[in-house]
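The structure appears below as structure tokens.
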Amino acid sequence: MSKNQEAKKVVVAEISEKLKNCQSMVVVSYNAITVAEVTELRNQFRAAGVEYVVLKNTLVRRALDDMGITGLDSVLEGPSAFAFGMTDAVAPAKIVYDFINKTKEDGRMTVKAGLMDGEVLDVKQVKALSELPSKDVLLARVVGSLQAPVAKLVYFLEALRKKEAGEE
């Protein structure tokens, strides 16, 4: 086996590992994006715990085949970049669509498809995913929902105490 084939097998194994460990993946097509824009985009991805890489479609196709994931072959054509959400399933889609909206949807970056929990997502589903609140916002809402009844009880008991003590 040649060194080139061995190197490709290593890359396919790395891609498979990313696919196993990620919560979601967004496949995008990019065209005429400036270096400054890519740098800003990569910084946003990095801050959100998202791994953004440009990979060869054939290697990604092999990794997907190894994992038994089908349905992405048709989108793995032309220049493709992949955003792997390692800690937050919503972050890759949210950052991509923020960039698309910021560039006024001029076609420099378009979503091809997505992947979440081994299920292929079409463009509409990725867009819907991008519109969900982030994990931090959802956790804050849960904590607020849990805290509200307790806070009301404390307020009621304090008002009752003041009324009985004649402190009104």
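Going by what's in this entry, would V75 be described as within 30 Å of N4 (Cα to Cα) and among the β-branched types (V, I, T)?
yes
When you scan region 141-158, do you find a residue that is out of contact with any Asp or Glu (no Cβ under 6 Å at 6 or more places or on another chain), of a type outside the set (D, E) and closer than 12 Å to V26 by Cα, even just one?
no
Please pick out the residue among L59, L19 that is under 16 Å from the mean Cα position of the chain (by Cα), in a helix (DSSP H, G or I) and not basic (K, R).
L19
From the residues in region 49-74 that are among the β-branched types (V, I, T), at pLDDT 90 or above and touching a helix residue (DSSP H, G or I) at 6+ places or on another chain (Cβ under 9 Å), which one is nearest to L138 (Cα to Cα)? Let's see the steps before the verdict.
Residues of region 49-74 among the β-branched types (V, I, T): 50, 53-54, 58, 60, 69-70.
After this cut, where a residue has to be at pLDDT 90 or above as well, the list is 50, 53-54, 58, 60.
Within this subset, residues satisfying the condition of being touching a helix residue (DSSP H, G or I) at 6+ places or on another chain (Cβ under 9 Å) are 50, 53, 58, 60.
Values: V50: 19, V53: 28, T58: 37, V60: 32 Å.
If we take residues in region 49-74 being among the β-branched types (V, I, T), at pLDDT 90 or above and touching a helix residue (DSSP H, G or I) at 6+ places or on another chain (Cβ under 9 Å), then V50 is nearest to L138 (Cα to Cα).
Tally up the residues in region 90-119 that are without any contact (Cβ under 8 Å) to a residue 60 or more places away in the chain, more than 9 Å from the chain's Cα centre (by Cα) and surrounded by 19 or more Cβ atoms within 10 Å (Cβ to Cβ), please.
So the count comes out to 2.
Any chance you could count how many residues in region 126-168 are open to solvent by less than 90 Å² (accessible area, probe 1.4 Å), under 15 Å from Q23 (Cα atoms) and not in a loop (DSSP other than H, G, I, E, B)?
Residues meeting the conditions: 3.
Somewhere in region 44-57, is a residue out of contact with any Phe, Trp or Tyr (no Cβ under 9 Å at 6 or more places or on another chain), more than 15 Å from A81 (Cα to Cα) and open to solvent by 70 Å² or more (accessible area, probe 1.4 Å)? Write out each step before concluding.
Pass one, region 44-57, residues out of contact with any Phe, Trp or Tyr (no Cβ under 9 Å at 6 or more places or on another chain): 47-49, 56-57.
Add one more test, that the residue is more than 15 Å from A81 (Cα to Cα), and what stays is 47-49.
Pick out the ones that are also open to solvent by 70 Å² or more (accessible area, probe 1.4 Å) and you get 47.
Yes, region 44-57 contains a residue that is out of contact with any Phe, Trp or Tyr (no Cβ under 9 Å at 6 or more places or on another chain), more than 15 Å from A81 (Cα to Cα) and open to solvent by 70 Å² or more (accessible area, probe 1.4 Å).
Considering only residues of region 75-89 that are touching a residue at least 24 places away in the same chain (Cβ under 8 Å) and open to solvent by 10 Å² or more (accessible area, probe 1.4 Å), which is nearest to G118 (Cα to Cα)?
Among residues in region 75-89 that are touching a residue at least 24 places away in the same chain (Cβ under 8 Å) and open to solvent by 10 Å² or more (accessible area, probe 1.4 Å), the one nearest to G118 (Cα to Cα) is A89.
The values are calculated or read from the model by the stated rules, or taken from the named source; none is laboratory data. Values in this document were obtained by computation on a predicted structure and should not be read as measured data. Virtual Cβ from ideal backbone geometry, glycine too; neighbours counted across all protein chains shown. We work out accessible area using only protein heavy atoms, side chains counted, and drop any ligands, DNA or RNA first. Shrake-Rupley method; radii C 1.70, N 1.55, O 1.52, S 1.80 Å.
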